[in-house]
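Encoded as structure tokens, here's the structure I'll be asking about.
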Amino acid sequence: MGTQIPSHAKKFNTELSDYSKSHVEKTGPYALDLDVDCLIVGAGFAGVFMLKTLRDRGFKTIVYEAGNDLGGTWRWNCYPGAGVDSEVPEYELSWPEVWKTWNWPSNYPNYEDLRAYFDHVDKVVGIKKDCAFNTVVSGAHFDTSLGRWIVKTSDGRTAKAKYLILGTGFAANRYVPPWPGMDKFKGVIHHSSFWPDEKVDIKGKRCAVIGTGASGVQIVQAWGPSAGELKVFQRTPNLAVPMRKRDLTVEEQETAKKYYPELFRFRERTFAGFIYDWYEKNTFDATPEEREELYEKMWTEGGFRFWVALFKDNLFNAEANKESYKFWAKKTRDRIGDPRKRDLLAPLEMPHFFGVKRPCLELNYYEQFNRPSVDVVDIRNNAIKEFDETGIFLEDGTHYEFDVIAVATGFDIVTGVMTQLGLKSIYETRLEEEWKNGAETYLGTTVGGYPNMFHIYGVHGPTLLSNGPTSVELQGRWIADLIAKMEMNKIKYVNPKPEAVKAWKNHILELNKKTLFPTTRSTYMGGSIPGKVREPVVYTAGIPSYIIEIRKALDTLDGFETVMA
């Protein structure tokens, strides 16, 4: 969990509950005693997809969303430079009535474009009328006699639903390290994922960015040109790859739309859910010239191609992986003028295997460090110790003064999303306690002891190793199909069997062992929060294999205890 600071002492928001409001309206989605077929938590891609899908099948469905509007990540993420790292049309819903009437300004939308997109989705299919906003789930348990979930909210409402669907994704539990003195700092400070909508003025000011994950990279790109000085606190270099962002015309999008139905089908047939896939050869089955040619091609085309469209053994074979890192380092080092910064940002010696941490996409990240006003502060062996009124102390006593600080320290990744909801099992245990020693699911969509509860783009699914909307739609259809099957067969509830849960966990471990992922702490291994168990949290065999496995389980229901109505 993030630091628990008493609300009266807080300088900036750190908890979802900070956004809970009591509502004047007491009807519809805001009813004090809501009773529905399906209750969805979260109004991002997953929640929106599930709402329409279940509603179209005749289920009374409502969404509870902690934020103030649709968009999930894209309603929260409004920090400077925030944008998506997957290209369109891969990164959108496959509903024809939506894409036929929508065009993007660029191939990599920013958060404002995505907010406008969700408003368009609402206009076309009507989502918001079935959503309760500023509604934070604070507890939930399943009543086996009723066959219903009882869900409580922070503002005192209760909802009953036969099915509980967590469309909460992988990054909704922010991590704020417990640095002493943060509340003393007299300047402006915000966590990247709780950034205020109003613009933070940094022109000519002394600024800090703590963290070099995706949000850190994007803030640096946004602040570099305007800040008086910018210090970037880096623990591990980000092995970012070129985005190749460009403007899109309406004409080119309209012309391409005849291919969209096929593209949406195709994205579910590739390893990571994009419209490109691994090259069919292994690295050393190609000559050095062929290797260079493929690396150059993927680098030039941009996006995640220089990650999941390289040689097919790149995430499995250590020696093969080193070749891709060498290419990355050569290309990146050429862009950084200062030798000290170059060695910190793109070291000759690989800090970890390439691609075992999800790479960020960048526009001009490395060029920012060629500005005399932008510097990188290495905190790998000299960590941040504390804050005071004027800035930050490191362990060795070095003090930096700032006017504005961006805390880009990310999330209690993947598992932390579900453990913050107060979920209680039918065995009277709590999920946050159960998962302290490691997460357990069945199929990456269900959890043993939590009947009729489903999660999307979360633990043990393709998740962070895939394009979001791809995973959302294939898991979402599976959930809707299982619910329909239960209704047709008059099943009161399904609960994953302990042996099925154990087998799935072992399967996740075995798949992961074949890869290079276990070699470093990363989001794929549960993140880097102190004290958190290190374990694989993502299905690593790719989307086509995942679809086959979960569909087979749906056909037989062998892994579930089924209780009839």
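Test of understanding: among R371, R333, R380, which residue is basic (K, R) and not assigned by TED's automatic domain parsing to the domain that holds G204? Break it down into steps so the answer makes sense when it comes.
Details: R371 fails: not assigned by TED's automatic domain parsing to the domain that holds G204; R380 fails: not assigned by TED's automatic domain parsing to the domain that holds G204.
None of the others qualify; the one that does is R333.
Does T212 satisfy the criteria of being of a type in the set (S, T, Y) and under 24 Å from the mean Cα position of the chain (by Cα)? Give the derivation first.
Values: of a type in the set (S, T, Y): yes; under 24 Å from the mean Cα position of the chain (by Cα): yes.
Considered against the rule, which asks whether it is of a type in the set (S, T, Y) and under 24 Å from the mean Cα position of the chain (by Cα), T212 comes out as yes.
Return yes or no: is N282 free of Cβ contacts under 8 Å to residues at least 60 places away in the same chain and either β-branched (V, I, T) or in contact with a helix residue (DSSP H, G or I) (Cβ under 6 Å, 6 or more places away or on another chain) (or both)?
Details: free of Cβ contacts under 8 Å to residues at least 60 places away in the same chain: yes; either β-branched (V, I, T) or in contact with a helix residue (DSSP H, G or I) (Cβ under 6 Å, 6 or more places away or on another chain) (or both): no.
So N282 does not fit the description; no.
Hand me the list of strands (runs of 3 or more DSSP E) wholly inside the stretch 343-446 holding 1 or more residues that are touching a residue at least 40 places away in the same chain (Cβ under 8 Å) and among the acidic types (D, E). Give the derivation first.
On the way: elements: 374-378, 384-387, 391-394, 399-401, 404-407.
Once the strands (runs of 3 or more DSSP E) in the stretch 343-446 are filtered for at least 1 residues that are touching a residue at least 40 places away in the same chain (Cβ under 8 Å) and among the acidic types (D, E), what remains is 374-378, 384-387, 399-401.
In this structure, is T212 modelled with pLDDT under 95, of a type in the set (V, I, T) and crowded, with 22+ Cβ neighbours inside 10 Å?
Details: modelled with pLDDT under 95: yes; of a type in the set (V, I, T): yes; crowded, with 22+ Cβ neighbours inside 10 Å: yes.
When the stated conditions are applied, T212 passes them.
Let me ask something else about it. Would you check if D85 is at pLDDT below 95 and assigned by TED's automatic domain parsing to the domain that holds I456?
Details: at pLDDT below 95: yes; assigned by TED's automatic domain parsing to the domain that holds I456: no.
For D85, the condition - at pLDDT below 95 and assigned by TED's automatic domain parsing to the domain that holds I456 - is not met.
Also: Within the stretch 282-301, is even one residue hydroxyl-bearing (S, T, Y), surrounded by fewer than 20 Cβ atoms within 10 Å (Cβ to Cβ), more than 29 Å from the chain's Cα centre (by Cα) and at pLDDT 95 or above? I'd like the intermediate steps shown before the answer.
Going residue by residue through the stretch 282-301, those that are hydroxyl-bearing (S, T, Y) are 283, 287, 295, 300.
Imposing the further condition that a residue be surrounded by fewer than 20 Cβ atoms within 10 Å (Cβ to Cβ) reduces the set to 287, 300.
Adding the requirement that they be more than 29 Å from the chain's Cα centre (by Cα) leaves 287.
Right, trim to at pLDDT 95 or above and you get 287.
Looking for residues that are hydroxyl-bearing (S, T, Y), surrounded by fewer than 20 Cβ atoms within 10 Å (Cβ to Cβ), more than 29 Å from the chain's Cα centre (by Cα) and at pLDDT 95 or above, one finds at least one in the stretch 282-301, hence yes.
Is it the case that the stretch 320-335 has a residue that's part of a loop (DSSP other than H, G, I, E, B), buried (at least 21 other Cβ atoms within 10 Å of the Cβ) and not polar (S, T, N, Q)?
First, the residues of the stretch 320-335 that are part of a loop (DSSP other than H, G, I, E, B): 334-335.
Of the ones still in play, those that are also buried (at least 21 other Cβ atoms within 10 Å of the Cβ) are none.
The answer is no, given that none of the residues of the stretch 320-335 is part of a loop (DSSP other than H, G, I, E, B), buried (at least 21 other Cβ atoms within 10 Å of the Cβ) and not polar (S, T, N, Q).
Every residue in the stretch 534-543 that is in contact (Cβ under 8 Å) with a residue 24 or more places away in the chain and either closer than 11 Å to S466 by Cβ or in contact with a Gly (Cβ under 7 Å, 6 or more places away or on another chain) (or both), please. Give the steps one after another, and end with the answer.
Within the stretch 534-543, the first condition is being in contact (Cβ under 8 Å) with a residue 24 or more places away in the chain, and the residues that meet it are 535-543.
Selection gives E535, V537, V538, Y539, T540, G542, I543.
Results for (1) more than 26 Å from V36 (Cα to Cα); (2) crowded, with 16+ Cβ neighbours inside 10 Å, shown as yes or no for each residue.
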{"site": "T101", "(1), (2)": "yes, no"}
{"site": "P109", "(1), (2)": "yes, yes"}
{"site": "E112", "(1), (2)": "yes, no"}
{"site": "F118", "(1), (2)": "no, yes"}
{"site": "K128", "(1), (2)": "no, yes"}
{"site": "H141", "(1), (2)": "no, yes"}
{"site": "A161", "(1), (2)": "no, yes"}
{"site": "I165", "(1), (2)": "no, yes"}
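Filter the stretch 338-352 down to the residues that are under 23 Å from the mean Cα position of the chain (by Cα) and modelled with pLDDT of 95 or more and list them by number.
Listed by number, the list is empty, since nothing qualifies.
Follow-up question, since we're still on this one. Of everything in the stretch 44-86 that's within 27 Å of K245 (Cα to Cα) and small (G, A, S), which residue is farthest from the chain's Cα centre (by Cα)?
Among those that are within 27 Å of K245 (Cα to Cα) and small (G, A, S), it is G81.
Exactly one condition in (1) crowded, with 18+ Cβ neighbours inside 10 Å; (2) polar (S, T, N, Q); (3) under 23 Å from A500 (Cα atoms) is false for T429; which is it?
Answer for T429: the failing condition is (1).
To continue, here is another question. Counting just the residues of the stretch 538-565 that are part of a helix (DSSP H, G or I) and charged (D, E, K, R), which one comes out farthest from the chain's Cα centre (by Cα)?
Applying the first criterion (part of a helix (DSSP H, G or I)) to the stretch 538-565 yields 543-556.
Those still in the list that are charged (D, E, K, R) too: 549, 551-552, 555.
Values: E549: 23, R551: 24, K552: 27, D555: 29 Å.
Top of the filtered list is D555.
Quick check on the stretch 240-260. Is at least one of its residues over 21 Å from T300 (Cβ atoms), modelled with pLDDT of 95 or more and within 21 Å of the chain's Cα centre (by Cα)? Can you show your working first?
Step one: list which residues in the stretch 240-260 are over 21 Å from T300 (Cβ atoms), which gives 249-251, 253-255, 257-260.
Going one step further and asking which of them are modelled with pLDDT of 95 or more, we end up with 249-251, 253-255, 257-260.
Narrowing further to those that are within 21 Å of the chain's Cα centre (by Cα): none.
The answer is no, given that none of the residues of the stretch 240-260 is over 21 Å from T300 (Cβ atoms), modelled with pLDDT of 95 or more and within 21 Å of the chain's Cα centre (by Cα).
I'd like to verify a number: residues in the stretch 57-68 that are in contact (Cβ under 8 Å) with a residue 60 or more places away in the chain and touching a strand residue (DSSP E or B) at 6+ places or on another chain (Cβ under 9 Å), how many?
Applying the first criterion (in contact (Cβ under 8 Å) with a residue 60 or more places away in the chain) to the stretch 57-68 yields 57, 59, 61-68.
Checking the rest, the ones that are also touching a strand residue (DSSP E or B) at 6+ places or on another chain (Cβ under 9 Å) come to 59, 61-66.
Residues meeting the conditions: 7.
Right, here's the next one. Being of a type outside the set (A, V, I, L, M, F, W, C) and closer than 19 Å to A480 by Cα is the filter here, so list the residues in the stretch 431-447 that pass it. Steps first, please.
Of the stretch 431-447, the ones of a type outside the set (A, V, I, L, M, F, W, C) are 432-434, 436-438, 440-442, 444-446.
If the condition is that a residue be of a type outside the set (A, V, I, L, M, F, W, C) and closer than 19 Å to A480 by Cα, then T441, Y442, G444, T445, T446 are the ones that fit.
Also: Within the stretch 460-504, which residues are within 17 Å of F264 (Cα to Cα), of a type in the set (G, A, S) and either over 15 Å from the mean Cα position of the chain (by Cα) or part of a helix (DSSP H, G or I) (or both)?
Once the filter is applied, which keeps residues that are within 17 Å of F264 (Cα to Cα), of a type in the set (G, A, S) and either over 15 Å from the mean Cα position of the chain (by Cα) or part of a helix (DSSP H, G or I) (or both), the stretch 460-504 yields G468, S471, G476.
Of the conditions (1) of a type outside the set (G, A, S); (2) closer than 20 Å to G44 by Cβ; (3) modelled with pLDDT of 95 or more; (4) touching a helix residue (DSSP H, G or I) at 6+ places or on another chain (Cβ under 9 Å), V151 satisfies every one except a single condition; which number is it?
Checking V151 against (1) of a type outside the set (G, A, S); (2) closer than 20 Å to G44 by Cβ; (3) modelled with pLDDT of 95 or more; (4) touching a helix residue (DSSP H, G or I) at 6+ places or on another chain (Cβ under 9 Å), the one that fails is (4).
Looking at the stretch 290-313, which of its residues are part of a loop (DSSP other than H, G, I, E, B) and touching a strand residue (DSSP E or B) at 6+ places or on another chain (Cβ under 9 Å)?
The initial filter retains those residues of the stretch 290-313 that are part of a loop (DSSP other than H, G, I, E, B), namely 302-304, 309-310, 312-313.
Within the stretch 290-313, G302, G303, F304, A309, L310, K312 meet the criteria.
Turning to a different aspect of this structure: Select from the stretch 546-560 the residues that are surrounded by fewer than 17 Cβ atoms within 10 Å (Cβ to Cβ) and farther than 16 Å from N489 by Cβ and list them in ascending order.
I548, E549, R551, K552
Only one of G438, G461, G476, G444 is modelled with pLDDT of 95 or more and over 18 Å from L39 (Cβ atoms). Can you tell me which? So that I can check it myself, show each step before the final result.
Details: G438 fails: modelled with pLDDT of 95 or more; G461 fails: modelled with pLDDT of 95 or more; G476 fails: over 18 Å from L39 (Cβ atoms).
Answer to the selection: G444.
Looking at G147 and the list (1) among the small types (G, A, S); (2) closer than 22 Å to A484 by Cα; (3) buried (at least 19 other Cβ atoms within 10 Å of the Cβ), which single condition is not satisfied?
(3)
Being buried (at least 16 other Cβ atoms within 10 Å of the Cβ), β-branched (V, I, T) and either more than 18 Å from E362 (Cα to Cα) or over 21 Å from the mean Cα position of the chain (by Cα) (or both): is that true of V232 here?
Yes; evaluated as a whole, the condition is true for this residue.
The values are calculated or read from the model by the stated rules, or taken from the named source; none is laboratory data. Computed from a predicted structure; not experimentally measured. We place every Cβ from the backbone using ideal geometry, glycine too, and count neighbours over all the protein chains shown.
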